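The values are calculated or read from the model by the stated rules, or taken from the named source; none is laboratory data. Because the structure is a prediction, the values reported are computed rather than measured. Ideal geometry is used to build each Cβ from the backbone, glycine not excepted, and the neighbour counts take in all protein chains shown.
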Amino acid sequence: MMPVEPGALAVEPRSITQPPEQLRYARWLEWGTRFGLALLIVVFLAYGVGLVEPHVPHSRLPEVWNLPVSQFLVATGLPDGWGWLRHAHRGDIANLIGIGLLAGASVLALLALVPLYLRQGNRLYAGLCVAEVAVLLLAASGLLTAGH
Amino acid sequence: MPRHRAAAAAACLLTLLAAPAQAAAAAAPAGAPWWLWPALLFAACFVMGIVAVPAGIGGGTLFVPIVGGFFPFHLDFVRGAGLLVALASALAAAPMLLRGGLASLRLALPLALLASASSIGGALLGLALPVSVVQTALGLIVLGIVALMAVSKKSEFPVVTAPDRLSTALALHGVFVDGATRRRVDWQVHRSATGLVVFLGIGVLAGMFGIGAGWANVPALNLLMGAPLKVSAGTSGLVLSLVDSSAAWVYVNKGAVLPMIAVPSVIGMMLGAKIGARLLDVLKGSVIRRMVIGVLLFAGMRALLKGTGVWP
């Protein structure tokens, strides 16, 4: 493929290729997002139409969704942190799996970049990816706490 | 489509947007079915998704002030849902933008690292402060966004004569083909250190209010750092996908993500955004933008008055 000069006009978009790490990140992010969204929709439909019994009955939601989260947890008996996993068989709580996949999609995409950057000898960006993953994992860990 | 017809279509969209909000503003009728509010929320988010694209703002920016102001849900859950709305939209758009060079991974990574770390602090702060304080601050921020939208200038291709040392070290440059002109555009950035500091502050706001932060990311990338407007908008989405991921985990861990609020919002907004993207050519963006400024002005005033107890 012929190189395209800067500022050239009538350029075919496909003639410009983006860096390989950018394309790899796009691919991983796309699949992670698709999977997370598909799971979220399926699980929510099962919950919404009552196929799977929820922890908080539908009819009780209007009593609790106007409470601050600390009072909501007391009123519903739900734990904070990763305690929700114990209730993941319930229709409403199962939705958090899809939400977790969406919030974690970037972690897998970032980890997929590390070997590529290291092969290129780009330790700086490999380190940035690892640091970003560490930040996301710290946020996900539930170690940081605050509340009303 | 003639301009007046496009404007009429835009007005209809905004009326549709206002209708669920108005309905929600009224006291809930006794004995109303439980699904009424989620259904209204889905409808409102669908319309917000349609207008957000032509207006050039993220759906999360509309979501938190409107839903927080006019729906009966506690602000904790609204912010949690707002983050997920912004996250899902950013994740869905990012792959295509990355492949086309309209989002730059190299530019996004250092900025997102600082912003996502500070967004955790913002999220913790937002969940620790009294709701009246957060609501008042939200009102002020939304009114600030209105002012920014009304007066801010944009530079499609800012002139960056020379990159600074930091941006050279981080290789913050790229190339894309402008779809409108089919011109090859090579870009680089400057004022990288200032940009990094600004993104620290943007992360706090994104985590604290759950409103996404495209309204702040784009001017910072475009006007401050000198990235082309399209690259700024695309990279902003990529930064948001990382920042909102870390803040969203804080809300999940605190129990502030209620699926019956979050999931209809995400689905409604994403379906609306697909239609909004198709209407981009037929709707006049500036008309929609002015109307969205009006809606945000109202929602910002509502949040301010709710937070101060004037209009509880």
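Could you look through the range A:14-39, keep only residues that are part of a loop (DSSP other than H, G, I, E, B) and at the interface with chain B (Cβ under 7 Å from one of its Cβ atoms), and pick out the one that is nearest to A:Leu102 (Cα to Cα)?
Once the filter is applied, the top-ranked residue is A:Gln18.
Pairs are defined by a Cβ separation below 9 Å, a sequence spacing of at least 6 or placement on different chains, a first member in the range A:7-20 that is charged (D, E, K, R), and a second member that is part of a loop (DSSP other than H, G, I, E, B) and exposed (fewer than 12 other Cβ atoms within 10 Å of the Cβ); the pairs so defined are A:Arg14/A:Met1. The residue that is nearest to the chain's Cα centre (by Cα), counting only those in the range B:73-113 that are within 21 Å of B:Gly201 (Cβ to Cβ) and more than 8 Å from chain A (Cβ to nearest Cβ), is B:Ala86.
Of the helices (runs of 4 or more DSSP H) lying entirely inside the range A:55-139, not one is found with 2 or more residues being in contact with a helix residue (DSSP H, G or I) (Cβ under 7 Å, 6 or more places away or on another chain) and of a type in the set (Asp, Glu). Selection of the range B:173-190 for residues being at pLDDT 90 or above, in a loop (DSSP other than H, G, I, E, B) and over 24 Å from the mean Cα position of the chain (by Cα) yields only B:His190. Criterion applied to B:Gly207, B:Gly212 was being buried (at least 21 other Cβ atoms within 10 Å of the Cβ) and modelled with pLDDT of 85 or more, and the one residue passing it is B:Gly207. Checking each residue in the range B:114-125 for being buried (at least 24 other Cβ atoms within 10 Å of the Cβ) and either facing chain A (nearest Cβ under 9 Å) or of a type in the set (Lys, Arg) (or both) picks out B:Ser116, B:Ser119, B:Ala123.
Among the numbered conditions (1) in contact with a Pro (Cβ under 8 Å, 6 or more places away or on another chain); (2) modelled with pLDDT of 55 or more; (3) not in a helix (DSSP H, G or I), the only one that B:Ala28 does not meet is (2). Here A:Val42 fulfils each of the conditions (1) over 25 Å from B:Gly234 (Cα atoms); (2) of a type in the set (A, V, I, L, M, F, W, C); (3) facing another protein chain (nearest Cβ under 8 Å) apart from (3).
The set of residues in the range B:31-72 that are over 16 Å from the mean Cα position of the chain (by Cα) and away from chain A (no Cβ under 11 Å) comprises B:Leu40, B:Ala43, B:Gly69, B:Phe70.
Restricting attention to the range A:32-51, the residues being more than 17 Å from B:Met270 (Cβ to Cβ) and surrounded by 12 or more Cβ atoms within 10 Å (Cβ to Cβ) number 2.
To keep it simple, each residue is scored yes or no on (1) under 21 Å from B:Arg99 (Cβ atoms); (2) out of contact with any Phe, Trp or Tyr (no Cβ under 8 Å at 6 or more places or on another chain).
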site	(1), (2)
B:Val239	yes, no
B:Val250	no, yes
B:Leu258	no, no
B:Val295	no, yes
B:Phe298	no, yes
B:Arg302	no, no
B:Val310	no, yes
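Given the criteria under 20 Å from B:Leu84 (Cα atoms) and crowded, with 19+ Cβ neighbours inside 10 Å, does A:Gly81 qualify?
no
All of B:Arg106, B:Arg79 fail the test of being in a helix (DSSP H, G or I), modelled with pLDDT of 90 or more and under 26 Å from A:Pro19 (Cα atoms), apart from B:Arg106.
Where helices (runs of 4 or more DSSP H) sit wholly within the range B:194-281, those with at least 3 residues that are more than 14 Å from every other protein chain (Cβ to nearest Cβ) and among the small types (Gly, Ala, Ser) occupy B:229-253, B:259-278.
Among residues of the range A:68-95 that are more than 9 Å from chain B (Cβ to nearest Cβ), those with a Cβ under 6 angstrom from a residue that is in a loop (DSSP other than H, G, I, E, B) and modelled with pLDDT of 95 or more, sequence gap 6+ or separate chain, pair up as A:His87/A:His55; A:Arg90/A:Pro54; A:Arg90/A:His55.
Inspect the range A:3-13 for any residue being surrounded by 16 or more Cβ atoms within 10 Å (Cβ to Cβ), within 23 Å of B:Val78 (Cα to Cα) and either at the interface with chain B (Cβ under 9 Å from one of its Cβ atoms) or among the aromatic types (Phe, Trp, Tyr) (or both) and give the result as yes or no. No, that holds for no residue.
Of the residues that sit in the range B:117-160 and are assigned to a helix (DSSP H, G or I) and among the hydroxyl-bearing types (Ser, Thr, Tyr), which one is nearest to B:Ala248 (Cα to Cα)? Per the criteria, the residue is B:Ser119.
Screening A:Leu45, A:Leu111, A:Leu116 for residues that are modelled with pLDDT of 95 or more and touching an Asp or Glu at 6+ places or on another chain (Cβ under 6 Å) leaves exactly one candidate, A:Leu116.
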